[in-house]
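No lab work stands behind these numbers, since they all come straight from the coordinates. As the structure is a computational prediction, the values presented were derived from the model and not from experiment. No Cβ is skipped: glycine too gets one built from the backbone with ideal geometry, and neighbour counts run over all protein chains shown.
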There are 2 protein chains.
Amino acid sequence: MKTLKIPEATIIRLSVYSRHLTEVDRKGIITTSSGNIAEGVGVSPAQVRKDLAYFGEFGTRGVGYNVKDLRQHILRILGLSVDWSVSLVGAGNLGLALSTYKGFRDRGFIITSIFDADPQKIGTMIGNVEVMPIEKLIEVTKQNHTQIGIVTVPGAAAQEIADKLIKAGVQAILNFAPVVLNIPPEIELRNVDLTVNLEVLTFNVGAQRF
Amino acid sequence: MKTLKIPEATIIRLSVYSRHLTEVDRKGIITTSSGNIAEGVGVSPAQVRKDLAYFGEFGTRGVGYNVKDLRQHILRILGLSVDWSVSLVGAGNLGLALSTYKGFRDRGFIITSIFDADPQKIGTMIGNVEVMPIEKLIEVTKQNHTQIGIVTVPGAAAQEIADKLIKAGVQAILNFAPVVLNIPPEIELRNVDLTVNLEVLTFNVGAQRF
């Protein structure tokens with residue numbers, strides 16, 4: 001096995017391909033081609049082939065790809081052939097939205113525990129998960145062998161929460177708080193800024209200016 | 001003015017640079033360099049120069065960039081030198097989270113109206129905006145000259161809502177519903193799938209497998 005630097009854009013497209021293949025599979029279609037995938041998701045066939053080529057040889061020349069096999073293979077690449085346990089910290093509006101977000105469960109991300117600092121929220125149920133105090137975060141996250149933490153607390157509390165999650169053994173953190181977190185290099189960190197999505201739109205609306 | 005295809009990754013980085021420059025400006029720093037910006041946001045100096053070069057010449061050789069000027073220029077490129085009126089449709093958990101999302105207002109995205117189909121929500125206030133029935137969507141969005149619609153309704157309702165938003169004159173739609181929308185080519189559309197963020201993390205956690 002060699003170490004290759006895979007572009008993040010490729011990983012994001014693999015995620016999109018796998019969703020497309022799930023749909024195609026549901027329709028009972030057995031084989032597909034880079035051309036069909038490309039058309040289904042709006043990229044070029046060459047891009048599809050290039051993205052897949054990072055991970056070895058797939059498909060049969062002149063026959064194409066077996067839909068089920070390719071889908072399984074991509075899910076394995078993305079680390080989605082197993083379920084992931086997720087601790088969510090911050091049961092505000094965004095935390096609530098994420099903990100009931102159907103897409104997470106569909107892709108194998110199971111929110112196994114939810115924590116909040118607000119005594120009024122502690123003990124309430126979100127879906128079938130009870131909101132627990134922050135003081136329980138390390139213990140429960142360790143017990144569950146939780147690999148991923150989602151941080152939706154206010155900016156001022158985010159670093160402390162990230163530290164606790166790392167102490168509890170998570171390997172990856174998805175941060176929605178609008179602050180830069182100090183994280184050891186072995187922990188995967190992804191910051192989500194929802195505003196960026198609007199800015200890509202406003203750029204494109206005004207793009208005729210260039 | 002010529003038409004250039006600007007990579008989306010460049011637009012997203014410009015958004016990141018402008019946030020960094022806002023911070024630097026707040027600290028009272030007058031000039032900066034591609035090296036400083038690169039270090040501040042975690043890309044290479046060459047990448048910073050390449051991204052900025054799409055939009056002409058900035059800065060002075062040997063002196064660097066004036067922080068305020070460069071920030072203003074990037075905001076203008078992103079279409080953020082003016083405020084944008086936003087209609088939000090769907091006052092569920094995600095809609096609530098977005099309508100109180102501080103980042104939007106900070107960057108000039110003002111949610112001027114909120115709509116929902118649930119009679120129990122209609123008439124309630126979210127911040128200082130009253131939730132209105134879907135029947136009012138076209139009229140109010142037109143009246144406000146709203147340019148952007150955010151769709152956080154269930155998948156089954158999303159296309160109908162998008163059609164109404166377009167009828168009301170929006171130029172761009174940010175779609176959180178897990179469906180493919182049919183949108184005329186002159187309308188800018190961006191689909192947000194929050195799960196992709198987790199999949200980039202799980203890929204990276206397992207990346208030593210390749």
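General remarks:
- If you go through segment B:118-135 and pick out every residue that is acidic (Asp, Glu) and either part of a loop (DSSP other than H, G, I, E, B) or over 19 Å from residue B:105 (Cβ atoms) (or both), you end up with 2.
- Any hit, segment B:21-32, residues being within 12 Å of chain A (Cβ to nearest Cβ), in contact with a Leu (Cβ under 8 Å, 6 or more places away or on another chain) and assigned to a helix (DSSP H, G or I): no
- Matching residues, segment B:33-74, being over 23 Å from the mean Cα position of the chain (by Cα), among the aliphatic types (A, V, I, L, M) and in a helix (DSSP H, G or I): B:46
- Screening segment A:63-87 for residues that are out of contact with any strand residue (DSSP E or B) (no Cβ under 7 Å at 6 or more places or on another chain) and of a type in the set (S, T, N, Q) and picking the one that is surrounded by the fewest Cβ atoms within 10 Å (Cβ to Cβ) gives A:81.
- Positions within segment A:156-210 being surrounded by fewer than 22 Cβ atoms within 10 Å (Cβ to Cβ), within 12 Å of chain B (Cβ to nearest Cβ) and within 20 Å of residue A:117 (Cα to Cα), in sequence order: A:178, A:179
- Checked against (1) of a type in the set (A, V, I, L, M); (2) in contact (Cβ under 8 Å) with a residue 24 or more places away in the chain; (3) surrounded by fewer than 23 Cβ atoms within 10 Å (Cβ to Cβ); (4) within 11 Å of chain A (Cβ to nearest Cβ), residue B:97 passes all but condition (2).
- Test: residue in segment B:125-145 that is facing chain A (nearest Cβ under 10 Å) and more than 23 Å from residue B:16 (Cα to Cα): yes
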